[in-house]
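Have a look at the structure below before the remarks.
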Amino acid sequence: MDEEKNCPAYGKICKSCGTANHFARVCMKSKRKEGKVHSMETNTDEGNDSTEDVHASECIGAVRAKGQKWLPLSKETLLSKYHDVFNAPVESVPGEILFELDAAIQPVQCAPRNVPVAMKAATKAQLDKYEADGHIISVTEPTDWISNMVIVNKPDKLRICIDPKHINRALRHSHYIMPTFEDVLYKLPKARVFTLVDARDAFLQCKLYEPSSYMTTFWTPWGRKRWLKLPFGVSVAPEVYQRKQHELLMRLSGVEPIADDILVVGCGDSDEEAECDHDAKLLALMVRCRKVKLRLSIKKLQFKVPGVCFHGHILSSTGLKADPEKVKAVLEMPHPSDMKAVQRFVGFVTYAAL
């Protein structure tokens, strides 16, 4: 007891924690600061191809302050750090697409069709762009298959497709099961924060195996061309792309790809916890996209929204509801006048109610 009284700190009040018998400079309670992390760090070294290498600190819990301010991930930071993912030219993701043909179907060489004079200049410009971007190439050697070209007017550009009538009869399907919204819904407990991204020119990011490329040869007024990438129009394209995208994004928790849409969901008991969860998942997706050269559309980015329209449904922190456009379509449907029309109406309403 006498030894305790001889201690210079005996009876002194700590100015840091307010308790007795020690000085503030040796206060154990002030050594560790409690706080909440509000942002993530990611290693942007493009040479590291081992894992996603996302360094996310614990969002909720004790952390040691290191002189760095932690903030939620912002859209500006995302687009700056991953400028290449959103802005670099479309390249090719790993692997090549192989078309399998039914050997019993004979190849077809279609006669060329004329392109309307009013569309020739725009069509030539789009073909030249596709060729410059490495999506198509001129063909001079004989080919077993020659399809015709189909021109589709999009709001901001022309889309060149091949007329798939003949080649689709020969293509064998892999019967890959396409995921639906219902397959995703059960994975989203406590969903509060959402980001929706879209693969830019999705099919054109998939390179064709060379023999398959020759099967896509098509006529133009400026000679024959063949697709180097997965073309629009072929019946197997959606399932082939869906399989490829699932392979590219496999094992990313909270990242749900359907068609060319990719949904990132932040879950948690609070908005703060959900946002932290969301940011970690989104950064992991960005690192993976950079690694596999999957390019995303900046125009279609919906970043950290409280609700998102995803494949005919409005998904939000308050739950699930029908897309207003679907409801409008039901209300504007004509009154059924025969049995088939009744069946169509019932089927559509049943789907809209899901």
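The values are calculated or read from the model by the stated rules, or taken from the named source; none is laboratory data. Everything numeric in this text was worked out from a predicted model, so none of it was measured. Neighbour counts run over all protein chains shown; Cβ positions are idealised from the backbone, glycine included.
Does the stretch 114-146 hold any residues that are within 31 Å of the chain's Cα centre (by Cα), not in a helix (DSSP H, G or I) and not aliphatic (A, V, I, L, M), and which are they?
Matches in the stretch 114-146: ASP133, GLY134, HIS135.
Could you go through the stretch 270-287 and let me know if any residue there is at pLDDT below 85 and either surrounded by fewer than 16 Cβ atoms within 10 Å (Cβ to Cβ) or not in a helix (DSSP H, G or I) (or both).
No: the stretch 270-287 contains no residue that is at pLDDT below 85 and either surrounded by fewer than 16 Cβ atoms within 10 Å (Cβ to Cβ) or not in a helix (DSSP H, G or I) (or both).
List pairs: first in the stretch 180-196 and surrounded by fewer than 19 Cβ atoms within 10 Å (Cβ to Cβ), second assigned to a helix (DSSP H, G or I), Cβ under 8 Å, 6+ apart or cross-chain?
LYS190/ALA274
Taking LEU208 and the conditions (1) under 22 Å from ILE298 (Cβ atoms); (2) of a type outside the set (Phe, Trp, Tyr); (3) surrounded by 17 or more Cβ atoms within 10 Å (Cβ to Cβ), which numbered condition does it fall short on, given that it satisfies the others?
(1)
What's the number of the condition THR195 fails, among (1) within 20 Å of ARG169 (Cα to Cα); (2) in contact with a His (Cβ under 8 Å, 6 or more places away or on another chain)?
(1)
Name the residues in the stretch 86-145 that are charged (D, E, K, R), surrounded by fewer than 14 Cβ atoms within 10 Å (Cβ to Cβ) and without any contact (Cβ under 8 Å) to a residue 60 or more places away in the chain, would you?
ASP128, GLU141 - these are the residues of the stretch 86-145 that are charged (D, E, K, R), surrounded by fewer than 14 Cβ atoms within 10 Å (Cβ to Cβ) and without any contact (Cβ under 8 Å) to a residue 60 or more places away in the chain.
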